[in-house]
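Data block below; observations after.
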Amino acid sequence: MSSQRVMITAAAAGIGRSIARAFADEGAQVHVCDVNETALAAFRDENPEIAATQVDLRSEGEIEAWFDDALDDLGGLDVLINNAGIKGPTALVDDIEYADWRECIEVCLDSHFLCARRAAPIMKAQAAGSIINISSMAGMVGYGRRSPYAAAKWAVVGFTKSLAIELGPFNVRCNCVCPGTVRGERINRVIAAEAEQRGVTFGEVETGYLQGQSIKRFVEPEEIADLCLFLASPASKMISGQAIGLDGHTETYRMS
C-alpha cells in the first residue's frame, strides 16, 4: 500500500474523505478532488499531506486538467476511486424535470466514464492497476421516487463489469462497491427529502430504510474505506468485475 498512487473523486467530505484518509494512513500518495471549495478548504486544513483540487466533475475539461495536475503530482496512477455522486430528485417519475435527471446522470455516471477513460491507458501501459467505482444498493434493487439515482447506479455496475472485461487482459482490475444506507449528513438530507415528499416523519423513513436489511444499522463510512483498501490490495488480485454489496444484506427498498 505504501507505494500506491491514488486518485479519488468527490473526497472532501463523507465517504470520499474516509477513503482518502484510509489510504493516506496506509502510506499511499493521494490526490483528491471535489466541487465544494468550502469542504476542500476544511479538508486541506485537516489533511495537509493530501493534495486536493477543486473540480466540477460535470466538466470534461476540468477532469482532464485535474488528471494532468494529479499525475504530475503523484508521478503515476495505481488506483482510481470514482466516488462522485449526488442524490438527485426525490419524486415520482412524472414529476421529475429533465434537467434534474441529466444532472444526476452527469455526476453519478458520466464522471465515472470520463475518469476511467483517462486512467485506462495509464494502467494498461503499466500492466497493473485497480479502478473502484462507488455505486449503491440502489444499483442492485429498485428504488421508488429516486429513479434517476437508481438508473445511474445500475449503469455504474454495468460500466464496471464492462471495464473489467476490457482491462482484465492488461492485469487491471475493476470492481464496484455498492453501499447501503451510509451514516452521515447526506443520508439525513435524503431521508428529510423523502419524508417531506411523502408527508411522513423523518423517523418513519429512517425506520423504513432499516426494515429491508438483515443487519439493522447504517453503514459507517470507514467500512467502505476498508473495502476499498482491500480491493486495491494484492489480497484481491483475482477479484474483478464484481458488484459488492456493503449493506447488511438489503432485500429491498420499501419506498413507494
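The values are calculated or read from the model by the stated rules, or taken from the named source; none is laboratory data. Bear in mind the structure is a predicted one, so any value in this text is a computation, not a measurement. A quick note on method: Cβ atoms are made from the backbone with ideal geometry, for glycine too, and the neighbour counts reach across all protein chains shown.
Would you check which residues across the stretch 83-98 are more than 23 Å from Pro179 (Cα to Cα) and in contact with a helix residue (DSSP H, G or I) (Cβ under 7 Å, 6 or more places away or on another chain) and list them? Val93, Ile96 - these are the residues of the stretch 83-98 that are more than 23 Å from Pro179 (Cα to Cα) and in contact with a helix residue (DSSP H, G or I) (Cβ under 7 Å, 6 or more places away or on another chain). Residues that are within 23 Å of Phe23 (Cα to Cα), at pLDDT 95 or above and not basic (Lys, Arg) do not occur anywhere in the stretch 182-198. Name the residue that is nearest to the chain's Cα centre (by Cα), counting only residues in the stretch 22-47 that are surrounded by fewer than 17 Cβ atoms within 10 Å (Cβ to Cβ), more than 18 Å from Gln4 (Cα to Cα) and not hydroxyl-bearing (Ser, Thr, Tyr). Looking at residues that are surrounded by fewer than 17 Cβ atoms within 10 Å (Cβ to Cβ), more than 18 Å from Gln4 (Cα to Cα) and not hydroxyl-bearing (Ser, Thr, Tyr), I get Asn36.
Scanning the stretch 87-106 for residues that are within 22 Å of Ala12 (Cα to Cα), of a type outside the set (D, E, K, R) and touching a residue at least 60 places away in the same chain (Cβ under 8 Å) yields a total of 1. Does Cys104 count as modelled with pLDDT of 95 or more, within 27 Å of Asp78 (Cβ to Cβ) and under 15 Å from the mean Cα position of the chain (by Cα)? No: the conditions fail for Cys104. When the stretch 224-235 is filtered for residues that are buried (at least 18 other Cβ atoms within 10 Å of the Cβ) and more than 13 Å from the chain's Cα centre (by Cα), the ones remaining, listed by number, are Leu229, Leu231, Ala232. Counting only helices (runs of 4 or more DSSP H) that fall entirely inside the stretch 125-228 and contain at least 1 residues that are without any contact (Cβ under 8 Å) to a residue 60 or more places away in the chain, farther than 19 Å from Leu80 by Cα and in contact with an Asp or Glu (Cβ under 6 Å, 6 or more places away or on another chain), the qualifying elements are 185-198, 202-211. Looking across the stretch 52-82, the residues that are among the aliphatic types (A, V, I, L, M) and within 23 Å of Val177 (Cβ to Cβ) come down to Ala52, Val55, Leu57, Ile63, Ala70, Leu74, Leu77, Val79, Leu80, Ile81.
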